[in-house]
Amino acid sequence: MTDRYANSRRLFERAKLCIAAGVNSGIRKMEQPVPLYFQRGDGPRVWDVDGNEYIDFQIGQGALLYGHAPAGMADAIAAQAKLGTHWAAQCELEIEVAERLQKLIPSAERVRFSNSATEVVLSALRLARAHTGKPLIVKFEGAYHGWADEGLVGFAPPPDKWGDAENPTRLHPSQGVIPGVLDTFVVVRWNDPAHLRRQVQKHSGQIAAILFEPIPCNTCCLEPVPGMIETIRELCDREGMLMIADETITGFRFAPGGAQESLGFVPDLTIFGKAIGGGVPFAALAGKVSAMQKIIEGTVIHAGTLNGNPLCLAASKWCLDHVLSLGDQHPSVVTALGQRLMAGLRSLADQHGVPMRPQGPGPAFHAVMLKSGAAEGPVTDYRDYVQRHDGPRWLHLRRCLLDHGVRAIERGLWFVSLAHRSSDIDEALQKAEPALAQHAREWLHLEAAKSTNS
Ligand SMILES: Cc1ncc(COP(=O)(O)O)c(C=O)c1O
């Protein structure tokens, strides 16, 4: 049998001899059967070095909201590249991008640009501590806010390390973290406003900010229960804490003004990444003048050689103009496509007896794969997710989907981009059918082999 991924395998073996572990972001090692190497992308499709074509729902981990290589964006970047990629100084483009953000997002009274959302998270937390003079940050259990020391506190802990439900662990998944960082966090369970209230009360007068992803897309697309976001806002107002929305994924995706528009709240600070640059390294901190004051007066340092470089600004300007041009149409089209894909996948899964339950708003959703005997119904928080989602089984299905030309994210997340059309969803479902059949067949054998061996 020919190996569908032979060229990727060859390149990965070569990469391991020069790139640490063969990849430039740890999570990419997860891809089965081998981390894939790509040659080109066009709209919702991408081609690997073996010539395999995929309908792409990984879409640059969500950064490619506009699809692969949109022509207008490529032209904007090329035109800017000819004029200069980097001046480490001011240019009118940065004002143009900032003004577009102000137009799209009412809470973006002032902005600062960076190169990644990880950096922006660090800026936001530093700013919050300086603004309030308080040391602690509240974050939600299991949540991912970038790969730096602070963004990973309490990220994805295994069940035997959870701690009791009242005091979730602050366990860090990495070695080498600055001593003491963990002590500056309070970890709270998502979708339990009463728990948040108790923890804020317990640490009253010590908390600088509540950091949250309005719809935790990294943790199963957990839509907030009624009262969750309102409680965050109310407690921040009452205690003088800053409300920091991490809209790295939700920004521009769930509404032109992000989740703060679709869910109807006004944060003090917002973190934007991914779709703000459409695939170039660009990110922004946005906030009310009052919350940004320490950066405005210069007592909180925010700097960076490549911040606001014209190459990325040209790309971002094109992206934001695209969002602005969609007007009321956004996100209804992408939501309808996503919901149709979710329903179609669910129906195919049912046909093949596969316990997959897509959940989420549509522009992003998570393919929950129920463990044997797990209860039905929407997953609501991190612990529920870990207890009911069968990660290895999903990874097996994901690999079968790849074999049939459909690409989703290793942890179960799917993104629908503005480049996907109705015909792409139809085709993805046609391709998913044999993938689900293959998965159902192979999984049965794997399970049977497991029980024979045990
Ligand atoms: C919610 C959230 N915050 C922050 C980040 C970090 O973004 P970046 O990888 O651009 O540093 C991510 C990345 O996936 C994210 O999903």
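Worth a mention:
- A count restricted to the range 93-137 and to residues that are assigned to a helix (DSSP H, G or I), hydroxyl-bearing (Ser, Thr, Tyr) and either free of Cβ contacts under 8 Å to residues at least 40 places away in the same chain or within 15 Å of the ligand (Cβ to nearest atom) (or both) stands at 2.
- Residues within the range 229-253 that are touching a Ser or Thr at 6+ places or on another chain (Cβ under 7 Å) and within 13 Å of the ligand (Cβ to nearest atom), tallied: 2
- Scope the range 346-360; condition surrounded by 21 or more Cβ atoms within 10 Å (Cβ to Cβ) and within 24 Å of Ala255 (Cα to Cα); matching residues: Pro358, Gly360
- Flag for Gly258 being within 14 Å of the ligand (Cβ to nearest atom), assigned by TED's automatic domain parsing to the domain that holds Leu222 and not β-branched (Val, Ile, Thr): yes
- The single condition from (1) within 16 Å of the ligand (Cβ to nearest atom); (2) of a type outside the set (Phe, Trp, Tyr); (3) closer than 19 Å to Ala283 by Cα; (4) modelled with pLDDT of 95 or more that Asn218 fails is (4).
Per-residue answers, yes or no, for (1) surrounded by 15 or more Cβ atoms within 10 Å (Cβ to Cβ); (2) of a type outside the set (Gly, Ala, Ser); (3) closer than 30 Å to Ala6 by Cα:
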site	(1), (2), (3)
Gly67	yes, no, yes
Gly84	no, no, no
Lys103	no, yes, no
Val120	yes, yes, no
Gly142	yes, no, no
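- Whenever a residue of the range 322-338 is crowded, with 16+ Cβ neighbours inside 10 Å, its partners that are of a type in the set (Ser, Thr, Tyr) and in a helix (DSSP H, G or I), lying with C-beta atoms within less than 8 angstrom and at least six residues away or across chains, give the pairs Pro331/Ser262; Leu337/Ser422.
- Residues (under 16 Å from Ala315 (Cα atoms) and not in a helix (DSSP H, G or I)) located in the range 44-70: Ala63, Leu64, Leu65, Tyr66, Gly67, His68, Ala69, Pro70
- Ser454 meets each of the listed conditions (1) out of contact with any strand residue (DSSP E or B) (no Cβ under 9 Å at 6 or more places or on another chain); (2) buried (at least 20 other Cβ atoms within 10 Å of the Cβ); (3) over 23 Å from Pro331 (Cα atoms) apart from (2).
- Among (1) on the phi < 0 side of the Ramachandran plot; (2) within 16 Å of the ligand (Cβ to nearest atom); (3) of a type outside the set (Ser, Thr, Tyr) - the single one Gly278 does not satisfy: (1)
- Unmet requirement for Ala208, which otherwise passes all of (1) within 16 Å of the ligand (Cβ to nearest atom); (2) not in a helix (DSSP H, G or I): (1)
- Odd one out for Ala81, checked against (1) on the phi < 0 side of the Ramachandran plot; (2) in a helix (DSSP H, G or I); (3) under 21 Å from the mean Cα position of the chain (by Cα): (3)
The values are calculated or read from the model by the stated rules, or taken from the named source; none is laboratory data. Computed from a predicted structure; not experimentally measured. Neighbour counts are summed over all protein chains in view; Cβ atoms, including those assigned to glycine, are modelled from backbone coordinates with ideal geometry.
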